[in-house]
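Novice: Handing you a structure now.
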């Protein structure tokens, strides 16, 4: 029997923190453990997580080691400075009041965040984590290091460890760094931009392997790094759907789970749906729109402008296990992508859970993007460009189909994807 090797995984997001940032490495950890690795998780003891999801703790293998240290973050100072003390900070530039220019205090704090907290608000954790982990690695025989970002401060911790220990290092990018959709919204000085780029290049050059989650990210990073990163996609955990059963929907329920920021708000869809409701009262009697998660103010404004508020149910965050239950009880899953420059490379983990539910999916995004390429090979899906009117008769017909994706979705099983990470680790630790 092969000897088990230890791998140190640096991740900011870990249960009981919830949200999409947790899923990838929570599941990779469990499957790498099954494949003969002993993961050691390094994560903050007091993270500023947008949501808490205690149900995810059940998926953490009982015999893996989790080490934690405290992190200092400027989040509460920022909220107090902008008059939001005690509130939760959401990612994605969600606005509580649409159509208004941010106050001077908010613009100033954004400038400070962009130009002083580089690469992100976790930067104060880099130095103490490096010191702590170097001592830890003197006492533990670890075969490799993996960092996952964002936040990209985790990559800088791993870079420092690599420089001192010479251990093989995999830098896993769930999202891009300077190529991410909202990077251009930061009020960066020329100095701030150069520093971001310098740090990014240090990671791209010094990591032994780079991993990305989409084909377009792979193309972009190849140009930035001068070498080809490995593509290991996001996916779904088959065990999560073992007891999953689709329920009969007495309504025509359109469901979206997760946050919707301004760039992801499908304005053309709301407009075309509002018109269709006016012209088809029998459809209006059945319509139900469920939006679970944080929303930018523009979403509610568009729903109101198009007469859709009476049909809409707004709901707060629900635990991941409950999200799967919600996926079973709808007619149509809505998947709007960010209408930004990097739109073609956006492939979220949610896409694969939507697919695993075997429900009809309406995606709003580029028809030549990576998400569309995946969806086009799966039954019961439709992709509509951002500004295109939705053909509602065709969408309704889509929801009446018998949908099976078990065979075509198998390559995106987190278990199968973990095998790719396993093979990469074997190559680096020979």
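Novice: Give the residues of the range 377-394 that are part of a helix (DSSP H, G or I) and touching a strand residue (DSSP E or B) at 6+ places or on another chain (Cβ under 6 Å), sorted by residue number.
Specialist: If we filter the range 377-394 for residues that are part of a helix (DSSP H, G or I), which is where we start, we get 392-394.
Result: no residue meets the conditions.
Novice: If you don't mind, another one. Within the range 1-39, can you find the residues that are part of a helix (DSSP H, G or I) and closer than 17 Å to residue 71 by Cβ?
Specialist: Taking the range 1-39 and keeping what is part of a helix (DSSP H, G or I), we get 20-34.
Matches in the range 1-39: 21, 22.
Novice: Restricting attention to the range 358-376, which residues are closer than 22 Å to residue 240 by Cα and part of a loop (DSSP other than H, G, I, E, B)?
Specialist: Across the range 358-376, the qualifying residues are 358, 359.
Novice: Oh, and also: Helices (runs of 4 or more DSSP H) wholly in the range 204-299 with at least 1 residues that are in contact with a helix residue (DSSP H, G or I) (Cβ under 9 Å, 6 or more places away or on another chain) and not assigned by TED's automatic domain parsing to the domain that holds residue 403 - which ones?
Specialist: Numbers: elements: 215-225, 267-279, 281-286.
Hits in the range 204-299: 215-225.
Novice: So, residue 415, is that one under 21 Å from the mean Cα position of the chain (by Cα) and at pLDDT below 95 or not? Give the steps one after another, and end with the answer.
Specialist: Details: under 21 Å from the mean Cα position of the chain (by Cα): yes; at pLDDT below 95: yes.
Yes, satisfied.
Novice: Is the range 268-283 home to any residue that is within 28 Å of residue 31 (Cα to Cα) and more than 19 Å from the chain's Cα centre (by Cα)? Even if it seems obvious, please write down each step before you answer.
Specialist: First, the residues of the range 268-283 that are within 28 Å of residue 31 (Cα to Cα): none.
Within the range 268-283 (the criterion being within 28 Å of residue 31 (Cα to Cα) and more than 19 Å from the chain's Cα centre (by Cα)), the answer is no, since none of the residues qualifies.
Novice: Can you spot a residue in the range 91-106 that is part of a helix (DSSP H, G or I), surrounded by 15 or more Cβ atoms within 10 Å (Cβ to Cβ) and either in contact with a strand residue (DSSP E or B) (Cβ under 7 Å, 6 or more places away or on another chain) or modelled with pLDDT of 55 or more (or both)? Step through it out loud before you land on a result.
Specialist: The first filter runs over the range 91-106 and keeps only residues part of a helix (DSSP H, G or I), leaving 104-106.
If we keep only those that are surrounded by 15 or more Cβ atoms within 10 Å (Cβ to Cβ) too, we end up with 106.
Imposing the further condition that a residue be either in contact with a strand residue (DSSP E or B) (Cβ under 7 Å, 6 or more places away or on another chain) or modelled with pLDDT of 55 or more (or both) reduces the set to 106.
Within the range 91-106, one or more residues are part of a helix (DSSP H, G or I), surrounded by 15 or more Cβ atoms within 10 Å (Cβ to Cβ) and either in contact with a strand residue (DSSP E or B) (Cβ under 7 Å, 6 or more places away or on another chain) or modelled with pLDDT of 55 or more (or both).
Novice: Now a separate question. Restricting attention to the range 228-273, which residues are under 26 Å from residue 370 (Cβ atoms) and free of Cβ contacts under 8 Å to residues at least 24 places away in the same chain?
Specialist: Scanning the range 228-273 gives 228, 231, 239.
Novice: Does residue 67 meet the test of being in contact (Cβ under 8 Å) with a residue 12 or more places away in the chain and loosely packed, with under 15 Cβ neighbours inside 10 Å?
Specialist: Details: in contact (Cβ under 8 Å) with a residue 12 or more places away in the chain: yes; loosely packed, with under 15 Cβ neighbours inside 10 Å: yes.
Answer is yes for this residue.
Novice: Okay, moving on. Go through the range 375-392 and count every residue that is surrounded by 17 or more Cβ atoms within 10 Å (Cβ to Cβ), touching a residue at least 60 places away in the same chain (Cβ under 8 Å) and under 23 Å from residue 347 (Cβ atoms).
Specialist: Going through the range 375-392 one residue at a time, the tally reaches 3.
Novice: Looking at (1) touching a helix residue (DSSP H, G or I) at 6+ places or on another chain (Cβ under 6 Å); (2) outside any strand (DSSP E or B); (3) free of Cβ contacts under 8 Å to residues at least 40 places away in the same chain, find the lone condition where residue 339 falls short.
Specialist: It is condition (3) that residue 339 fails.
Novice: If you don't mind, another one. Select from the range 194-207 the residues that are surrounded by 17 or more Cβ atoms within 10 Å (Cβ to Cβ) and touching a strand residue (DSSP E or B) at 6+ places or on another chain (Cβ under 9 Å) and write down the one among them that is farthest from residue 178 (Cα to Cα).
Specialist: The initial filter retains those residues of the range 194-207 that are surrounded by 17 or more Cβ atoms within 10 Å (Cβ to Cβ), namely 196, 199-200, 203-204, 207.
When the remaining residues are screened for being touching a strand residue (DSSP E or B) at 6+ places or on another chain (Cβ under 9 Å), the result is 203-204, 207.
Values: 203: 12, 204: 12, 207: 17 Å.
Of everything passing the filter in the range 194-207, 207 is farthest from residue 178 (Cα to Cα).
Novice: When residues of the range 393-403 are filtered for being in contact (Cβ under 8 Å) with a residue 40 or more places away in the chain and surrounded by fewer than 12 Cβ atoms within 10 Å (Cβ to Cβ), how many remain?
Specialist: 1
Novice: Still on this model: Hey, any hits in the range 1-11 for a residue that's buried (at least 20 other Cβ atoms within 10 Å of the Cβ) and more than 20 Å from residue 207 (Cβ to Cβ)? So that I can check it myself, show each step before the final result.
Specialist: Restricting attention to the range 1-11, the residues satisfying the condition of being buried (at least 20 other Cβ atoms within 10 Å of the Cβ) are 7-11.
Retained after the next criterion (residues that are more than 20 Å from residue 207 (Cβ to Cβ)): none.
Among the residues of the range 1-11, not one is buried (at least 20 other Cβ atoms within 10 Å of the Cβ) and more than 20 Å from residue 207 (Cβ to Cβ), which makes the answer no.
Novice: Which one of these does residue 334 not meet: (1) at pLDDT below 90; (2) surrounded by fewer than 22 Cβ atoms within 10 Å (Cβ to Cβ); (3) under 17 Å from the mean Cα position of the chain (by Cα)?
Specialist: For residue 334, the exception is condition (1).
Novice: While we're looking at this one, here's another question. Taking the range 118-148 as the region of interest, how many residues are in contact (Cβ under 8 Å) with a residue 40 or more places away in the chain, surrounded by 17 or more Cβ atoms within 10 Å (Cβ to Cβ) and outside any helix (DSSP H, G or I)?
Specialist: Count: 11.
Novice: Do we find a residue being surrounded by fewer than 18 Cβ atoms within 10 Å (Cβ to Cβ), in a loop (DSSP other than H, G, I, E, B) and over 16 Å from the mean Cα position of the chain (by Cα) anywhere in the range 160-172?
Specialist: yes
The values are calculated or read from the model by the stated rules, or taken from the named source; none is laboratory data. Remember, it's a predicted structure, so these values are computed and weren't measured experimentally. We place every Cβ from the backbone using ideal geometry, glycine too, and count neighbours over all the protein chains shown.
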